[in-house]
Each structure stands twice: as C-alpha cells, then as structure tokens.
Amino acid sequence: MTDVLVTPTPTLSGEIQALSSKNYTTRYLLVAALAEGTSTIYYPAHSEDSDAMRRCIRDLGAIVEEDDEKIVITGFGRNPKDVKELDVGNAGAVLRFLMAIASLCPDVTFVNRYPDSLGKRPHSDLIDALGQIGVQVTHNEGKLPITIKGGQPKGGKIQVSGAVSSQFLSALLFLTPLLAEDSEIEVLNDLKSKVVVGQTLEVLEQAGIVIHASEDLMSYRIPGGQSYDAKTYIVQGDYPGSAAILAAAAVTQSDVIVHRLAEKSKQGERAIVDVLRMMEVPLTHDNDIVHVKGNGRLKAVEFDGDQATDAVLAMVAAAVFAEGTSRFYDVENLRYKECDRITDYLNELRKAGANVEERQSEIIVHGRPEGVEGGVEINAHYDHRVIMALTIVGLRSKQPLRIRDAHHVAKSYPIYFDHLKALGANVEWVE
C-alpha cells in the first residue's frame, strides 16, 4: 500500500496530541545523561535520531528505562563509561553532540555504518575546535571513522565555524559547562540555523546550566565547573507536522483541537498559528492547545517564510482556497530539500487545479475560494512535506486526489493519515 486516495471531506472534528519534536527529544536525552541523578522525559519522539541517542547514552553508562509515555534516565554526569566504540547509525546531530561528550572518555571510535550517507558528511569544524581544548582526534579527512582521545579536555578560548552546521556549536555548548575552567566560544563566518541554537540554549537553561550568549548568538561565555540538574522534561509538540493538520482544519468546516503546541516555542514553524490568524481563520491558542473552528473562508496573506521553512507548504495549501492573492517570499531554501519544494510542488498543485506561480524565491497563490477540480493522480516527489500539503488540497477538491508514494510521509510523521482519519478525513491507502 503506497498511494493514498484523498476524497473531498467537508467537515473535520476531534482532538489529537501533536507529534513530539525530535530536536527536543534528542537534546533532553543528552542533558539527562549528563546529569547525576534521575531525570524523566515525557512524550519522547521515536525517530532514527532519538533511537540512536538512546542507544549511545546507554553504552556510555546511563540507565534508560522506558514505557509508553516516558523515559526515565539515570545519568553518568561528567564520568561516562570507558567505551571503545559508539555506533550512531545515520544520525548526524547525535554524532556531533557525542563527539564532544566523548572527549571526557580516554579513547572512543565512532564507527562508519552508513558510508554512503553520514559517512560522506564532514565534521572538520568540530574536530578543529576540539583540538583547541586539548583533545586528539584521528579521522578520515574530517569524516568517519573518527577516534577521540580525550580524558582531560581543558576549557579556554575556542573558535568554531558556523558556516556548515550549527550542530558543532551546540556540541561545544553541551560539553564546556562540565570542564573545570571557564570557556569562551567565538563563532566564525556565518551561523546556520540560529533557531536551532536557540533550542539548544533553551534546553541547557532548563537543565540548570548557565551560558552567557551574545544577542547575535556569535559569542559565548561559559562558566566552568557546572553540573547538570536531574529534572523532569516534557517534549513539545512538533509544529512542522502539526502545521498540516491545522491548515486542513482551516480549509474545512471544522472543530479541531491539537494538544501540546507551546505558545512560546522556539520552533520557527509556530508561525503557522499567526499566519492562519492573519487569514482570519477562527482559532484560539491557550495552555499549549490550538483550537480551530474553521468555516472554510480564508483571506490572502503576504508572509516571509524564511524562519518557518517547514510550515510554508501547508500555508500555501491553505492559501489555495483564500480570497485574493497570497505571496510567500524569502523561501528559496525550499528548493534544496528532499525535492525542489517550489517548482515540483507547484506543478502538482496546478494539476489539482490551483492557480499558482513561482519566482526564484517566492510562491504566489491566486486563491480559488470556490475550490479546485482535483480528480487527478499527483506525484509527491518522495517528499514528506509535499505529501502532507497535497492532502490538504484534496480535502477541498471537487473530485478525489490520488497521491503517489504517500508512504514517504513516514520520514517525519508516520501517523499523519491516522491522525487525519481520527478527525474524520476521508483518506485511504490504495494499491
């Protein structure tokens, strides 16, 4: 069963729990392992990344116990077990965070299990930074396999490039508070994904760690000799996935409630709520609950999509049915995802009957409040975000839409269609 048939569905109603955020899950697992004592994490995400982090902190000496709603972790603090090998699978963020933590161990090799994927990605910026605090690293031109000879890293002045990834900086922010000396980190070049660095800083603060960050996030003072507190954490709901559910509620007659979406979240995609408000969709957002009472009427918007990249396709799907012309600008980086999320996505929207046009870094939508024809088979280009967004359009089409290879939705939201069905959407897997 790989295709999904979306049959027009005039009304949606019901309540769901938002999917859990994988970025927050991975970080909470790590700070719990770095604490002495026992921490509890409620609603952890299950994804390749978080499963890799669970496995590795266990190898490093954390005790990890799990049931349906939580993980209980007894940490190893600043004294991880002397392990010889760690296997992070294909999880880049986990590798980078743990390369820093492994510098507290005498001699650890990160193995190369995915030579064609993670094995091809460079980690030189972090290797250079670890060298500055006295850690010896042997590597294959900056790539796996990587051996860290640590034991006694010393704080001090560290420079790290932020041009390739913000994960190298995050890795150093997790490590340096545990060192005896104070540290200063200066970020060189540009810093990619500042939003995600904000998530790291937020989690560190919740774990009782003090970090003095400059306003532009390019320099940091970190007092040494700190320890992580054992705490209870609740993983936030995931805004990128929930954006599609909220947009579906916006374009139908609906009474839909999504739980666990934090109002003050550091996820850029929380802008989906603001954009739907700008479109005059009736909704409330209180106590981490978004309640949409859609009436199918929407007004066009203009929106800078740069901070909310992973919610833009869902916003565009809603704009297909709005009165007037909407414009989503500063979105060129959508072209460099699982597919070209501007050209490829708009081609499929046109097949379904939408009136859309593209510029290099803009998507323009001439709304059709009367709905679109549908009645076609469309190709989602193996892209989870495109699949979710095209489904929204199918709910308001005149004829059913068949979405090819819809099982790729599992990349980020394996139960997306189950959630929609629970709200009354007429979606079914077909051969």
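Figures for the structure shown
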item	result
Segment 208-241: number of residues that are part of a strand (DSSP E or B) and touching a residue at least 12 places away in the same chain (Cβ under 8 Å)	10
Residue pairs meeting the criteria (Cβ under 9 Å; at least 6 apart or on separate chains; first at positive phi, in segment 316-336; second crowded, with 24+ Cβ neighbours inside 10 Å)	Asp330/Gly305
Positions within segment 255-280 being crowded, with 18+ Cβ neighbours inside 10 Å, under 17 Å from Val312 (Cα atoms) and not charged (D, E, K, R), in sequence order	Gln267, Gly268, Ala271, Ile272, Val273, Val275, Leu276, Met279
Qualifying residue in segment 329-336 (condition: modelled with pLDDT of 95 or more, among the aliphatic types (A, V, I, L, M) and either over 17 Å from Ile245 (Cβ atoms) or touching a strand residue (DSSP E or B) at 6+ places or on another chain (Cβ under 6 Å) (or both))	no
Selected residue [under 22 Å from Glu202 (Cβ atoms) and of a type in the set (A, V, I, L, M)] from Leu30, Leu104	Leu30
Top-ranked residue in segment 339-359 [being in contact with a helix residue (DSSP H, G or I) (Cβ under 7 Å, 6 or more places away or on another chain) and of a type in the set (Val, Ile, Thr); ranked as surrounded by the fewest Cβ atoms within 10 Å (Cβ to Cβ)]	Val356
Only listed residue being of a type in the set (A, V, I, L, M) and within 24 Å of the chain's Cα centre (by Cα), chosen from Ile158, Ile211, Ile127, Ile146	Ile211
All positions within segment 1-30 that are in a strand (DSSP E or B) and under 21 Å from His408 (Cα atoms)	Asp3, Val4, Leu5, Val6, Thr7, Ser20
Looking only at segment 70-96, and only at residues there that are more than 20 Å from Tyr233 (Cβ to Cβ) and among the small types (Gly, Ala, Ser), the one that is nearest to the chain's Cα centre (by Cα)	Gly92
Those residues of segment 297-338 which are closer than 17 Å to Leu390 by Cβ and either touching a Phe, Trp or Tyr at 6+ places or on another chain (Cβ under 7 Å) or loosely packed, with under 15 Cβ neighbours inside 10 Å (or both), in sequence order	Ala311, Val312, Leu313, Met315, Val316, Phe328, Glu338
Meets criteria (touching a strand residue (DSSP E or B) at 6+ places or on another chain (Cβ under 6 Å), at pLDDT 95 or above and assigned by TED's automatic domain parsing to the domain that holds Ile245) for Val281	no
Any hit, segment 191-207, residues being crowded, with 22+ Cβ neighbours inside 10 Å, of a type in the set (A, V, I, L, M), at pLDDT 95 or above and outside any helix (DSSP H, G or I)	yes
Segment 104-118, subset part of a loop (DSSP other than H, G, I, E, B) and without any contact (Cβ under 8 Å) to a residue 40 or more places away in the chain, residue surrounded by the fewest Cβ atoms within 10 Å (Cβ to Cβ)	Asp116
Flag if Arg402 is under 26 Å from Phe303 (Cβ atoms) and either assigned by TED's automatic domain parsing to the domain that holds Asp306 or outside any helix (DSSP H, G or I) (or both)	no
Boolean, Asp49 is surrounded by fewer than 17 Cβ atoms within 10 Å (Cβ to Cβ) and either assigned to a loop (DSSP other than H, G, I, E, B) or of a type in the set (Asp, Glu) (or both)	no
Residue match in segment 176-186 (condition: touching a Gly at 6+ places or on another chain (Cβ under 9 Å), over 28 Å from Lys231 (Cβ atoms), surrounded by 19 or more Cβ atoms within 10 Å (Cβ to Cβ) and assigned by TED's automatic domain parsing to the domain that holds Gly224)	no
Single residue of Val203, Val235, Val187, Val197 found to be within 18 Å of the chain's Cα centre (by Cα) and under 15 Å from Ser161 (Cα atoms)	Val197
Yes/no for Leu283 being surrounded by 24 or more Cβ atoms within 10 Å (Cβ to Cβ) and either among the polar types (S, T, N, Q) or in contact with a helix residue (DSSP H, G or I) (Cβ under 8 Å, 6 or more places away or on another chain) (or both)	no
Per-region count, segment 393-431, residues touching a residue at least 40 places away in the same chain (Cβ under 8 Å), within 14 Å of Leu19 (Cα to Cα) and either surrounded by 21 or more Cβ atoms within 10 Å (Cβ to Cβ) or not aliphatic (A, V, I, L, M) (or both)	7
Residues being part of a loop (DSSP other than H, G, I, E, B) and touching a helix residue (DSSP H, G or I) at 6+ places or on another chain (Cβ under 7 Å) - total across segment 367-382	5
So Ala308, is it of a type outside the set (Val, Ile, Thr), farther than 15 Å from Ile245 by Cα and modelled with pLDDT of 95 or more	no
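The values are calculated or read from the model by the stated rules, or taken from the named source; none is laboratory data. All values reported here derive from a predicted model rather than from experimental measurement. Note that we place each Cβ from the backbone using ideal geometry, even for glycine, and neighbour counts take in every protein chain shown.
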